[in-house]
Amino acid sequence: QGQLVESGGGLVQAGGSLRLSCAASGYTFTSYSMGWFRQAPGKEREFVASIGWNGRTDYADSVKGRFGISRDNVKRTVVLQMNSLKAEDTALYYCAGTLLPTFQKVADIASWGQGTQVTVSS
């Protein structure tokens, strides 16, 4: 059974940066599109960013120009670099994977990590 493990969350001041990492095991990693969702208290889980097995990237409008996603197929990791963080970016961030070429919906996801908390103080 495959597993996704996130790391890198924490507390940061508004305007700061954080780097989230997700390590995958038990998957044919190069066949999977990978990405991130987030969920704030009382809100639905929402799409943040994705990177396809073909390298294509996609971002939610709310993070375009501030976040960057990348993958290392040798290390089997996917990284979300978050810059210019805002208080509204505070959420539990989940790593996600799917065999689809791209995704934006929760229903598209086959595998989830446990989540890592990101808190941005204003």
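Using a probe radius of 1.4 Å on heavy atoms only, what accessible surface per residue do you get for the stretch 1-70? Whole Å² is fine.
Accessible area per residue: 52 Å².
What nm value, rounded to one decimal, do you get for the distance between residue 112 and residue 57 when each label is placed 7 Å out toward the C-beta?
2.6
Give, rounded to the nearest 20 debye, the magnitude of the charge dipole that the chain has about its Cα centre when Lys and Arg contribute +1 at Cβ and Asp and Glu contribute -1 at Cβ.
180
Under 5 Å between amide H atoms, partner at least 5 residues away or on a different chain: which partners does residue 111 have, H built in plane at 1.01 Å?
For residue 111, whose amide H was placed from the backbone, the distant partners under 5 Å are 97.
Ignoring ligands, DNA and RNA, please state the percent of accessible area on the chain from carbon and sulfur, probe 1.4 Å.
48
What lysines does residue 86 reach when the alpha-carbon gap must be under 24 Å and sequence neighbours fewer than 8 apart in one chain are set aside?
43, 64, 105
How far is the Cα center of the stretch 47-122 from the Cα center of the stretch 1-25, in Å?
A separation of 9 Å, based on Cα centres.
Specify whether the C-alpha gyration tensor of the stretch 49-122 places it in the rounded, prolate or oblate class, a ≥ b ≥ c being the square roots of the eigenvalues: rounded for a/c under 1.5, otherwise prolate if a/b is larger than b/c and oblate if not.
prolate
Modelled label-to-label distance, residue 99 and residue 64, 7 Å Cα→beta-carbon offset: nm?
Simple spin-label model gives 3.1 nm for this pair.
The values are calculated or read from the model by the stated rules, or taken from the named source; none is laboratory data. Treat the numbers as computed from the prediction; the structure is a model and nothing was measured. Cβ coordinates were reconstructed from backbone atoms using ideal geometry, including for glycine residues, and neighbour counts include every protein chain displayed. These accessible areas exclude ligands, DNA and RNA; they are computed on the full protein's heavy atoms, side chains included. Shrake-Rupley method; radii C 1.70, N 1.55, O 1.52, S 1.80 Å.
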